[in-house]
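The values are calculated or read from the model by the stated rules, or taken from the named source; none is laboratory data. Values in this document were obtained by computation on a predicted structure and should not be read as measured data. Backbone-built Cβ (ideal geometry, glycine too); neighbour counts: all protein chains shown. Protein only, heavy atoms only, side chains kept; ligands, DNA and RNA dropped before computing areas. Shrake-Rupley method; radii C 1.70, N 1.55, O 1.52, S 1.80 Å.
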Amino acid sequence: MSTLPPTGSLIPVDAPFSAAQESWLAGFIAGIAAAGKRSAAPAPTTTIDVLFGTQTGNAEFLADELVAGAVARGLGGRATPLDAVTPEQLAAMSHVLVVTSTYGEGEMPDNAGLFWDAVQATTVPRLEGLQYAVLGLGDTSYDEFCQAGKLLDTRFEQLGATRIHDRVDCDVDFEDPAALWTAAVLDRLAAEAGAQPGAAGPAVGATTSSTATGGAGASRASRPGSQWNKRNPYRAPLVVNRLLSSPRSAKEIRHVEFDLGDSGIEYAAGDALAVVPLNDEVFVSELLEQVGADGSEEFDGRPVAEVLRVDREVRTPSKDLIADLVQRAPSSELAAVVAHGDKHELDRWLWGRDVLDLLRDAGPAAPGLDELLPNLRPLQARQYSISSSPLAHPDRIHLTVASVRYGDAHRMHAGVASTFLADRVALGDTVDVYLQPNTAFGVPSDQDAPMVMIGPGTGIAPFRGFLHERAASGATGRNWLFFGDQHRDTDFVYEDELTAMQADGVLDRLDLAFSRDQAEKVYVQTRMLERSAELYAWLEEGAHVYVCGDASRMAKDVEAALLQVIRTGRGRDEDDAQAYLADLRRAKRYVRDVY
């Protein structure tokens, strides 16, 4: 049983919280306690505008936490997507906290791009009356780590705003540094405002998920928080694991189902599920052999074989490991590539190579176990778009997973989570999972609105969920799906379901693009251009457009095709098409789930 510390704190001494979490909780609990002692608390004198840019939902989650923390300290608070704020509205704000992730190669996330374009204009208002601070979320394995946060931080300063706290750039394990930054910034603002804990009551003007997305529906805004998260995942039984693609296919696509049991997890179509994988024991053994260890050695009181299997990223080499290997083996092939200073050349060379490949390339100069472990990043959960709807399957979550396998007769490589699910989890075994809500990516709240879905390959996953959602809810809006892959006879996943939905009138249009079934390759963007007039007509009738799948090529090609559809339909120039597409983004009628 937990016991209270001598100080009388409401947080038990043995509670499983970090120092950062305890700091945040202490302020929150104090606010609740103080609120209970007041019958008529004064109105807050300072309102904090929390502006967020998010791709997968983490920044939005932290924005909501910031608002709750502000309220607990007697401040007003509201959370708003960056794209929903104009430069004029920004200039009228007094205190702004920005939380943003970085997408792709240093780009703004999808719901922050329009804001960034607007604040770069030469006509943007000055911000001398604004106080601000920025929290960046990113991944140090990318060269442009937290670039979106860095750009916004600099631009606010250029426009005359006053920085009230240094920017903090968080790596993938963002929880502790984000909590410390949150506590420091809010404590300072509360002290300067002379705020009394609990004075603010509910969040002031908080933007709900339904208004922020224009398409997720009110039920998404009111979903309760789950006890299951990154620090406390739910052990979900794997109950279905079947092959979707043909055994003759060049790909291996699987349909996976988890039983939610009594977890209380409430998901929505469009959310993602984070799967916590374990590394392959065979691969771990090969890695240990390479560094001359047998796995029984201890690291932080645990056998190192267990540490490598459970806690360390052993497939994707970290930047620290690459730098260490270059220093140790300056004559290696890796060192030669790095010496050229060409990032794209390095990316090409690293593609398909894992930690074991790099150690073997370094030869006798490779580090031993003690030198290797500090340069291995923590093993991260992998997120998969949910391919089911809670209206149709309230007790299960479905995933559509491509098993990653490549190599030759000398050495095979495999994806960490995809082959963990395919090969190493038996039916009935449990897997650690937690929900990753994506409030920006859901079926239109207007059930009469048309919906266009573009999702080749496993990008079909959320759209299967969307269609199940619309069928179960009785939505009357028309539905159009663009889907494709390599070959129809081997790669047409969910063919029976999709054709049945067509027959039942749920799926009004299905356009298919199987790239290698003819001499000239055909892709989903090809079909979009072939249906240009009708697609533009759907846009004019209020259609919501969704894109899911590969970010590096497909999403860019699809957007280029969409712009051409708009140019042709309107008979105007590129600038007009860009403005039309920007309006779709602003109205949350063009949203993407790309990776």
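For Tyr590, which sequence-distant residues (separation of 5 or more, or a different chain) have an amide H within less than 5 Å of its own amide H, given hydrogens modelled in the peptide plane?
Val545, Arg585
List the chymotrypsin sites (Phe, Trp or Tyr not before Pro) in region 252-351 that DSSP assigns to loop (not H, G, I, E or B) and whose Cβ has at most 16 other Cβ atoms within 10 Å. Which are they?
Trp351
Sum -39500 (n - 2.57) across every DSSP H segment of at least 4 residues in the chain, then divide by the residue count to get the 222 nm mean residue ellipticity, nearest 500.
Only helices count here, giving -10500 deg cm²/dmol.
Shape verdict for region 57-110, please, from the Cα gyration tensor: rounded (a/c under 1.5), prolate (a/b greater than b/c) or oblate.
Oblate is the answer for region 57-110, as a/c is 1.5 or above yet b/c matches or exceeds a/b.
Using amide H atoms built 1.01 Å from N in the peptide plane, name the residues 5+ places from Ser387, or on other chains, whose amide H lies under 5 Å from its own.
Placed amide hydrogens put His398, Leu399, Thr400 under 5 Å from Ser387.
Counting Lys and Arg as +1 and Asp and Glu as -1, each charge on the Cβ, what is the dipole of the chain about the Cα centre in debye, to the nearest 20?
Computed about the Cα centre, the dipole is about 1260 debye.
Could you give me the percent of Cα pairs per 20 Å distance bin for the chain, shortest bin first, beginning at zero and ending with the bin that holds the maximum distance?
18, 50, 30, 2
Quick check: net charge around Thr476, other residues with Cβ under 12 Å of its Cβ, Lys/Arg +1 and Asp/Glu -1? Could you put the intermediate results ahead of the total?
Working: positive: Arg470, Arg478; negative: Asp446, Asp448, Asp508.
Taking every other residue near Thr476 into account, the sum is -1.
As an exercise, identify the GluC sites (Glu not before Pro) in region 250-299 lying in DSSP coil whose Cβ has no more than 10 other Cβ atoms within 10 Å. Working shown, then result.
Numbers: sites: Glu252, Glu257, Glu266, Glu281, Glu286, Glu289, Glu297, Glu298; in loops: Glu252, Glu266, Glu297.
Qualifying residues, ordered by number: none.
Starting at the first residue of region 581-595, write each ³J(HN,Hα) from the Karplus equation 6.51 cos²θ - 1.76 cosθ + 1.60 with θ = phi - 60°, in whole Hz, x for Gly and Pro.
Karplus values, whole Hz, x for Gly and Pro: 5, 4, 5, 5, 4, 5, 7, 6, 9, 9, 10, 10, 10, 10, 8.
Test of the criteria: in region 311-370, which trypsin sites (Lys or Arg not before Pro) are in a DSSP loop and have at most 15 other Cβ atoms within 10 angstrom of their Cβ?
The qualifying sites: there are none.
Starting from the Cα-Cα distance between Ala533 and Lys319, subtract it from 0.36 nm times their residue separation and give me the gain in nm to one decimal.
72.3 nm
Just to be sure I follow the rule: in the chain, considering lysines 8 or more places apart or on different chains, how many pairs have Cα atoms under 19 Å apart?
Qualifying lysine pairs in the chain: 4.
Compute the FRET efficiency between Arg163 and Glu105 as 1/(1 + (r/R0)^6), taking r as their Cβ-Cβ distance and R0 = 25 Å, and round to the nearest 0.05.
0.45
Note down the relative contact order for the chain as a percent, whole number, built from C-alpha pairs under 8 angstrom at least six residues apart. It would help to have the intermediate numbers written out before the result.
On the way: 1174 pairs, mean separation 78.1, N = 595.
Relative CO of the chain lands at 13 percent.
If Rh is defined by the Kirkwood formula over all Cα pairs and Rg also comes from Cα, what ratio Rg/Rh do you get for region 344-473?
The Rg/Rh ratio comes out at 1.09.
Of all accessible surface on the chain at a 1.4 Å probe, what whole percent is carbon and sulfur?
Ligands and nucleic acids excluded, carbon and sulfur reach 51 percent.
Among DSSP beta bridges lying fully in the chain, give the percent that are antiparallel, nearest 5.
If we restrict to bridges inside the chain, about 45 percent are antiparallel.
If each of Thr45 and Ala426 carries a label point 7 Å out from its Cα toward its Cβ, how far apart are those two points in nm?
With each label placed 7 Å out from Cα toward Cβ, I get 6.7 nm.
Please compute the Kirkwood hydrodynamic radius over region 92-204, one decimal place, Å, based on all pairs of different Cα atoms.
15.2 Å
Set Lys and Arg Cβ to +1 and Asp and Glu Cβ to -1, take the dipole of region 276-364 about its Cα centre, and tell me which of Trp349, Leu287, Val310 lies farthest positive.
Positive-most Cα among the choices belongs to Trp349.
Under a Cβ-only charge scheme (Lys and Arg +1, Asp and Glu -1), can you give me the dipole magnitude of region 220-345 about the Cα centre, in debye to the nearest 20? Could you put the intermediate results ahead of the total?
Working: 16 positive and 22 negative charges, 147 e Å.
About 700 debye.
So what's the net charge close to Arg488: Lys and Arg +1, Asp and Glu -1, counting the other residues with Cβ under 11 Å from its Cβ?
Net charge in that neighbourhood comes out at -4.
Between Gln447 and Ala250, what FRET efficiency comes out of the Förster formula 1/(1 + (r/R0)^6) with R0 = 41 Å and r the beta carbon distance, rounded to 0.05?
On the way: r = 39 Å, r/R0 = 0.95.
Computed FRET efficiency for Ala250 and Gln447: 0.55.
Over region 265-335, average the accessible area per residue using a 1.4 Å probe and give it in Å², no decimals.
On the way: 3180 Å² over 71 residues.
Dividing the accessible area of region 265-335 by its residue count gives 45 Å².
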